[in-house]
1. Name the single residue that is nearest to the chain's Cα centre (by Cα) among those in the stretch 1-55 being in a loop (DSSP other than H, G, I, E, B) and small (Gly, Ala, Ser).
2. Considering only residues that are polar (S, T, N, Q) and either on the phi > 0 side of the Ramachandran plot or at pLDDT 90 or above (or both), which ones fall in the stretch 26-70?
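The values are calculated or read from the model by the stated rules, or taken from the named source; none is laboratory data. All values derive from a computational prediction rather than experimental measurement.
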Amino acid sequence: MSSPCPCETDPEVLESLALRQLSDDESASLNKHVAACEACQQELSWLQAEQLAVRSWARAQPAVSGWRLV
């Protein structure tokens, strides 16, 4: 993770934004803050890149048949 936000925004809230788990109003408010806060911009960018990597990795994994585990 990047350096902590000088405004002390909770990193878990930024993660919720990256995961699109916030309401429209919460997202709009936080996006407004992120636009003005370089530390939060960097953290959100990192979280979004991490989510993209996880989704890409998950798509690349073959489905595991339950029978192969027996």
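1. At the first step, the residues of the stretch 1-55 found to be in a loop (DSSP other than H, G, I, E, B) are 1-10, 19-23, 37.
Subset that is small (Gly, Ala, Ser): 2-3, 23.
Details: Ser2: 13, Ser3: 16, Ser23: 15 Å.
Top of the filtered list is Ser2.
2. Applying the first criterion (polar (S, T, N, Q)) to the stretch 26-70 yields 27, 29, 31, 41-42, 45, 48, 51, 56, 61, 65.
Residues satisfying the conditions are Ser27, Ser29, Asn31, Gln41, Gln42, Ser45, Gln48.
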